[in-house]
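The values are calculated or read from the model by the stated rules, or taken from the named source; none is laboratory data. The model shown is predicted, which means the values in this text are computed figures rather than measured ones. As a convention, Cβ positions derive from the backbone with ideal geometry for all residues, glycine included, and neighbour counts pool all protein chains shown.
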Amino acid sequence: MLSLEESLKILKKTSALVDGHFVLSSGLHSAQYVQCAKLMSKPYIAEKICLSLAEKISKEFKVFDIILSPAMGGVVIGYEIGRLLKKETIFSERINNEFILRRNFKIKNNTKVLIIEDVITTGKSSLECSKLVSKNKGIIVGYACIIDRSNGKSKIKDKIVSQIQLDIPTFSKENLPKELSSIEPVKPGSRNF
């Protein structure tokens with residue numbers, strides 16, 4: 001398994017971890033942003049992180065049938081972990097601000113589902129996926145991600161298996177530190193259109 005230092009080096013090398021002033025999809029502001037799409041756009045480099053995460057998932061979740069990921073950020077990592085662990089992988093899509101299963105994807109009764117995404121901050125996307133699992137009478141075995149930046153503040157109460165845990169402070173617009181307020185903010189997230 002990769003160490004934290006090795007993993008951070010890979011994130012920075014691929015520009016998946018950048019510095020600046022960012023408005024996150026939660027509306028909070030941050031001096032760093034994680035964009036795993038940059039990591040996953042270089043599969044020959046991302047492979048090391050994916051192999052390490054797959055190993056952690058195998059140790060923590062002994063039995064599951066299917067991987068469910070939220071579109072867009074979770075699709076590639078879900079696929080890669082599914083490929084490595086030889087598991088079926090599906091994804092949900094946001095239609096009218098709600099996650100649904102399309103493309104004839106199904107979760108059958110009592111199917112054991114692992115929810116995987118790229119980054120967990122508030123846990124909103126993962127929890128929306130868990131509603132889909134429950135609605136389809138599946139069983140959630142747990143959650144996994146490349147980066148857990150929730151710092152224990154996620155609404156997910158179950159264990160989150162991650163390759164990297166990052167504590168990146170966030171701030172409300174009204175409580176920005178001086179160094180952030182002098183930088184023009186960027187809205188890089190998938191829900192910030």
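Quick look at the values:
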read-out	value
Within the stretch 1-31, considering residues that are of a type outside the set (A, V, I, L, M) and in a helix (DSSP H, G or I), the one surrounded by the fewest Cβ atoms within 10 Å (Cβ to Cβ)	E5
Test set (1) part of a helix (DSSP H, G or I); (2) in contact with a helix residue (DSSP H, G or I) (Cβ under 7 Å, 6 or more places away or on another chain) - V161 fails condition number	(1)
Filter pass, I67 being modelled with pLDDT of 90 or more, in a loop (DSSP other than H, G, I, E, B) and crowded, with 16+ Cβ neighbours inside 10 Å	no
The stretch 130-186, subset in contact with a Leu (Cβ under 7 Å, 6 or more places away or on another chain) and of a type in the set (D, E, K, R), residue nearest to M1 (Cα to Cα)	R149
Subset of the stretch 75-89 [in a helix (DSSP H, G or I) and free of Cβ contacts under 8 Å to residues at least 60 places away in the same chain]	V75, V76, G78, Y79, E80, G82, R83, L84, L85
Filtered residues of the stretch 150-193 (kept if of a type in the set (G, A, S), surrounded by 13 or more Cβ atoms within 10 Å (Cβ to Cβ) and at pLDDT 90 or above)	S162
Hits in the stretch 128-150 (condition: within 13 Å of the chain's Cα centre (by Cα) and more than 16 Å from G74 (Cα to Cα))	S150
Residue within the stretch 10-20 that is in contact with a helix residue (DSSP H, G or I) (Cβ under 8 Å, 6 or more places away or on another chain), in contact (Cβ under 8 Å) with a residue 24 or more places away in the chain and among the small types (G, A, S) present	no
